[in-house]
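Trainee: Take a look at this one; I'll ask things after.
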Amino acid sequence: MDRLSFNSMASINEERIARHQLSNEIANVSTIGFKKTFDVTLQSHQAVGQGFDSRIQPRMYANDQVQLDPGPLMVTGRDLDVAMNHKTVLGVTGSNGELAFTRRGDLKVNASGVLETGTGHVVRSQDGGPITVPPGFKLSFGSDGNLYAIDPTQQGVPQQQVIAQLMLRDASATPLSKREDGLFKVVGKAAGTDFATGPEPVSLTPQAVEGSSVNPMASMVKLIEQSRSFEHQVRVIKESKSNDESGASMMKAS
């Protein structure tokens, strides 16, 4: 009966990774540009050690790779909102000053005139530097990532001028993982490493943002399943203890 308890405790312990992953997804259902990261699978694994050679326990294997499948497109009509198409990612400066990438496209101009994301990360231009916006200019984005500005005080018909090109990369051929601050980095490379854009063309959808790729209904179903699995494993442990006590009582009686 100790094997039942051993396996049930191992299952409860290993499923904590899936519980953490699911909690993170549910917390980011409404986060703009949020991408699911973890894929977890439960596999059988033989325990190693004296007295454990006959034990088979479950082990959780996680794949910490960003899933860049597009989320729902939400049209806002706001000039500084952009949604990245396909598997395009945007280069930004992380909280530690290193290059990182994101799918968050709710951009804004801060008090210093620098373009940044809704979370305050400075957006990088194609040459790697920050993008400074002239004060008082009307801004708009092209689908190719060019940032246009119009001087409203200009005489005659205002002319659009390209003032910057966003740092856009196609990550269809490059695996990405998440940093501690929620931004993306290249798998297997040092933090802050750039990568060559992939074979797919990079493009934006102006005046729109990408919603979270998390399906709320699917996440709630998984949460119920995990709750029931936990209850089942606890029940198995209690029953194995009861069976051991019953067996011990029978041995004493005999």
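Trainee: Multiplying the sequence separation of Val187 and Ser203 by 0.36 nm and subtracting their Cα-Cα distance, what value in nm do you get?
Mentor: Working: separation 16, 0.36 × 16 = 5.76 nm, distance 2.30 nm.
Full extension of this stretch gives 3.5 nm more.
Trainee: Take the Cβ-Cβ distance between Val29 and Gln65 as r, set R0 to 22 Å, and report the resulting FRET efficiency rounded to the nearest 0.05.
Mentor: Numbers: r = 21 Å, r/R0 = 0.93.
FRET efficiency, Val29 to Gln65: 0.60.
Trainee: Just the accessible area per residue of the range 115-254, please: how many Å² with a 1.4 Å probe?
Mentor: Values: 8040 Å² over 140 residues.
With the other protein chains kept in place, the range 115-254 gives 57 Å² per residue.
Trainee: Between the range 86-123 and the range 173-243, what is the C-alpha centre distance in whole Å?
Mentor: When both Cα centres are located, 21 Å separates them.
Trainee: Quick one: of Lys36/Lys238; Lys138/Lys178; Lys35/Lys185, which pairs are farther than 25 Å apart, Cα to Cα?
Mentor: Pairs exceeding 25 Å: Lys36/Lys238; Lys138/Lys178.
Trainee: Can you figure out the FRET efficiency of Glu225 with Asn110, using R₀ = 51 Å and their beta-carbon distance, to the nearest 0.05?
Mentor: Numbers: r = 44 Å, r/R0 = 0.85.
For R0 = 51 Å, the calculated efficiency reads 0.70.
Trainee: Let me ask another. Given the protein chains as shown and a 1.4 Å probe, how many square angstrom of Met220 are accessible, to the nearest 10?
Mentor: Near enough 90 Å² of accessible area.
Trainee: Using the Karplus equation 6.51 cos²θ - 1.76 cosθ + 1.60 (θ = phi - 60°), what ³J(HN,Hα) coupling, rounded to whole Hz, does each residue of the range 204-218 give in order, writing x for Gly and Pro?
Mentor: With coefficients 6.51, -1.76 and 1.60, one gets 10, 10, x, 6, 7, 10, 9, x, 5, 7, 7, 8, x, 5, 5 Hz.
Trainee: Here's another thing I want to ask about it. Name the long-range amide H neighbours of Gln160: under 5 Å, sequence gap of 5 or more, or other chain; modelled H, no Pro or chain starts.
Mentor: Result for Gln160 returns nothing.
Trainee: Going by amide H atoms built from the backbone, whose H comes under 5 Å of the H on Val92, apart from near neighbours?
Mentor: Amide H to amide H, under 5 Å and 5 or more residues apart or across chains, Val92 pairs with Ala100, Phe101, Thr102, Arg124.
Trainee: Still on this model: Spelling out what I want: for every residue of the range 160-168, take phi, set θ = phi - 60°, compute 6.51 cos²θ - 1.76 cosθ + 1.60 (Karplus), and round to whole Hz; glycine and proline get x.
Mentor: 6, 10, 7, 10, 6, 10, 5, 7, 10
Trainee: Which cross-chain or sequence-distant (5 or more) residues have an amide H under 5 Å from the amide H of Gly33, H modelled 1.01 Å from N in plane?
Mentor: For Gly33, whose amide H was placed from the backbone, the distant partners under 5 Å are Glu210, Gly211, Ser212.
Trainee: Now for a different question. R0 = 41 Å: FRET efficiency of Ala196 with Ser140, Cβ-based, nearest 0.05?
Mentor: Efficiency computed from Cβ-Cβ geometry: 0.90.
Trainee: Ignoring everything but the protein chains, give the 1.4 Å probe accessible area of Ser95 in square angstrom, nearest 10.
Mentor: 100
The values are calculated or read from the model by the stated rules, or taken from the named source; none is laboratory data. Only a predicted model underlies this, so the values are computations on that prediction, with no experimental measurement involved. Note that each Cβ is placed from the backbone with ideal geometry, even for glycine, and that neighbours are counted across all protein chains shown. Note: areas computed on protein heavy atoms with side chains; ligands, DNA, RNA excluded. Shrake-Rupley method; radii C 1.70, N 1.55, O 1.52, S 1.80 Å.
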